[in-house]
Amino acid sequence: MRKKDKLDADVIIVGGGLVGCTLAALLAKNEFRCLIIEERDTTGNSATRIDPRALAMTRASVNILRAAGAWQHLSKNRIGYFSEMHVWDENGTGEIHFDSAELCEPALGYIIEQTILEQALRQSLEGNEYVKWYQPAIPSSLALEENRITVVLEDGSNLNARLLVAADGARSRIRTLAGIDYPQHDYHQQAVACVVETEKPHVQVARQRFLHNGPLAFLPMADQKQCGIVWSTSPEHASALLAMDEQEFNQTLAQAFDQVPGEVLSSGPRASFPLQHAQAKQYCRPRLVLVGDAAHTVHPLAGQGANLGLLDAAALSEVVLDARNRNRDIGAYQVLRRYERWRKGENYIMLKVLQGFKYLFESNLEIIRHCRNMGLDLTDAATPLKHMIMRYAMGLAGDLPASARAIL
Ligand SMILES: Cc1cc2nc3c(=O)[nH]c(=O)nc-3n(C[C@H](O)[C@H](O)[C@H](O)COP(=O)(O)OP(=O)(O)OC[C@H]3O[C@@H](n4cnc5c(N)ncnc54)[C@H](O)[C@@H]3O)c2cc1C
């Protein structure tokens, strides 16, 4: 038998999170044999780790998740949506207001808990003859040969494929093993996330207030009185927020948000996440490619990280399918460069825009404060500019893969 017939899979994906599972589902649809290596045991108790993040998902992401067969697994009463967004600054009068009706769209975006989405993705892969899981398992080294790449696991087993995908998050071990540089900018901030119950209904409005330490967002969930909150703040303040008892936390939160949702009546388990922004120097090497947070991380202030990752997955599956249709090697560097050129540029723009927002909103210099309040009001009044921002944030603009463009 020739060596090439002995491959364990067409594609090995390290990381069975949101982006890795989406990619596996899209590839499996086209009969690529995928093998997912995941460090957690997602079938056991560790699958229910505390991760209270509620994610804002764009229309493009919903389309991709639908194409992956996962959106269909979500119960309707777990999917929130927002048709308006209100952003304002603690220090001043500037504000901006987005309304989906201005674009004749039903919603600006959808809100869903990260763990629920991951469960739906795993469910959609269950019983799929093209997808195999290795979990819990951690790669320890890589070996590149002419026609294949081999992943050696910590338990000593070897797995090989034409293409290896790093979908193992911001601290990607695969990226490190491949020696790809990942210049990072540490924001010296933590994001505290949890789900809260509020006195007043959210009426489908997402709200974000820029405080002196960072932005605080209330994201409307399926229940009218439930919101996912993300509070980006200094590490010291985040530790203090995590240490508070529930009553103190609820009061502090309501005050910080100017009582807009009324009282905060209850709050679920809290967790904090370090914030950084980064982009890998390269997205690909021969037979190796990076997707999702393994390739880039952004500040959660605009809720774009997972959305960019899902676009990576959709673009990569398209590039790989096109290569196979042309009888090209799916792990060839020239093939993977097409994905890199496509996604790196798009992600870079978003990275820079979010970085700019972050600095603009966090400066306490009088002149900057004045400019940003004026800027918010001007943008609010400048309809074409506002509509362009909305279309990008909703995932309706940019160089979108076909599955992201499909009609909902
Ligand atoms: C507070 C907060 C709020 C956010 N809100 C939003 C939002 O509203 N909208 C949005 O789009 N994005 C948001 N994001 C970003 C979003 O959560 C991430 O971009 C997304 O989770 C990245 O998905 P991923 O699959 O690339 O990586 P991850 O979710 O990190 O998944 C990586 C997977 O790889 C596994 N893994 C890691 N290392 C290894 C290893 N060595 N071997 C095997 N497996 C491994 C992990 O167990 C995990 O399953 C937010 C982030 C934060 C911190």
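Quick notes
- The one condition in (1) away from the ligand (no atom under 15 Å from the Cβ); (2) assigned to a helix (DSSP H, G or I) that Ala238 fails to fulfil: (1)
Residues are listed down the side, and each one gets a yes or a no for (1) more than 13 Å from the ligand (Cβ to nearest atom); (2) over 19 Å from Leu26 (Cα atoms):
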residue	(1), (2)
Pro269	yes, yes
Ser272	no, yes
Ala278	no, yes
Pro300	no, yes
Gln304	no, yes
Gly309	no, no
Ala313	no, no
Ala323	yes, no
Gln334	yes, yes
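- Whichever residue in segment 177-189 is in contact (Cβ under 8 Å) with a residue 60 or more places away in the chain, open to solvent by less than 60 Å² (accessible area, probe 1.4 Å) and not hydrophobic (A, V, I, L, M, F, W, C) and, among such residues, is farthest from the ligand (Cβ to nearest atom): Tyr182
- Conditions (1) modelled with pLDDT of 95 or more; (2) farther than 23 Å from Arg148 by Cβ: number failed by Ala294: (2)
- Listed conditions (1) open to solvent by 20 Å² or more (accessible area, probe 1.4 Å); (2) over 26 Å from Ala68 (Cβ atoms); (3) away from the ligand (no atom under 13 Å from the Cβ) are all met by Ile96, apart from (1).
- Apart from one condition, Asn147 fits all of (1) within 30 Å of Phe257 (Cα to Cα); (2) of a type in the set (S, T, N, Q); (3) part of a loop (DSSP other than H, G, I, E, B); the exception is (1).
- Within segment 99-113, being open to solvent by less than 50 Å² (accessible area, probe 1.4 Å) and either under 23 Å from Ile389 (Cα atoms) or over 19 Å from the mean Cα position of the chain (by Cα) (or both) holds for Asp99, Ser100, Leu103, Glu105, Ala107, Leu108, Gly109, Tyr110, Ile111, Ile112.
- Here is the figure for segment 257-291: residues that are at positive phi and surrounded by fewer than 21 Cβ atoms within 10 Å (Cβ to Cβ) total 3.
- Just one residue in the set Ile116, Ile174 is open to solvent by less than 20 Å² (accessible area, probe 1.4 Å), within 15 Å of the ligand (Cβ to nearest atom) and outside any strand (DSSP E or B); that residue is Ile174.
- Segment 283-298, residues that are charged (D, E, K, R) and within 7 Å of the ligand (Cβ to nearest atom): Asp293
- Selection count where residues are closer than 30 Å to Ile111 by Cβ and open to solvent by 50 Å² or more (accessible area, probe 1.4 Å), scope segment 302-334: 1
- Filter pass, Val192 being in a strand (DSSP E or B), under 26 Å from the mean Cα position of the chain (by Cα) and either free of Cβ contacts under 8 Å to residues at least 60 places away in the same chain or within 10 Å of the ligand (Cβ to nearest atom) (or both): yes
The values are calculated or read from the model by the stated rules, or taken from the named source; none is laboratory data. In this text, all values refer to a predicted model and were calculated from it rather than measured experimentally. Cβ sites come from the backbone with ideal geometry, for glycine too, and all protein chains shown count toward neighbours. For the accessible areas, the whole protein counts, side chains as well, though only heavy atoms, and no ligand, DNA or RNA atoms are used. Shrake-Rupley method; radii C 1.70, N 1.55, O 1.52, S 1.80 Å.
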